[in-house]
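I have placed the structure first, in the form of structure tokens, so that the comments after it can refer back to it.
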Amino acid sequence: MNGVVVFCYRLAISFTTLFWTLFGLITLVVLEIELRYVEGFGKVLFGLYNIAARILFLNMLIAMMSKSFNVTVVSCKQILFSGD
């Protein structure tokens with residue numbers, strides 16, 4: 001049972017670390033471990049996670065700007081063609 005607690009604790013720390021990397025508050029120093037191939041694989045996954053998160057944020061920003069633009073266009077058309 002102790003192994004499950006340690007695993008959950010480490011998993012929670014991993015998710016917390018990944019969350020704070022989105023804001024640039026965690027560096028690669030956190031990933032330093034004794035096993036060289038595990039460290040390399042971890043750094044690759046860390047980089048892929050950061051790239052995927054940035055692309056997702058950029059897509060969300062574009063979608064929000066597109067929706068705002070469409071709402072503005074519809075609102076302007078209603079004002080222009082209302083006949084007042």
Exercise. Out of the residues in segment 37-55 that are surrounded by 11 or more Cβ atoms within 10 Å (Cβ to Cβ) and within 17 Å of PHE15 (Cβ to Cβ), which is modelled with the lowest pLDDT?
Worked result: GLY42
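Do we find a residue being outside any helix (DSSP H, G or I), at pLDDT 70 or above and not aliphatic (A, V, I, L, M) anywhere in segment 4-24?
Scanning segment 4-24, I find at least one residue that is outside any helix (DSSP H, G or I), at pLDDT 70 or above and not aliphatic (A, V, I, L, M), so the answer is yes.
The values are calculated or read from the model by the stated rules, or taken from the named source; none is laboratory data. Not measured: the values here are computed from a predicted model. Positions of Cβ are generated from backbone atoms using ideal geometry, with glycine treated the same way; all protein chains shown enter the neighbour counts.
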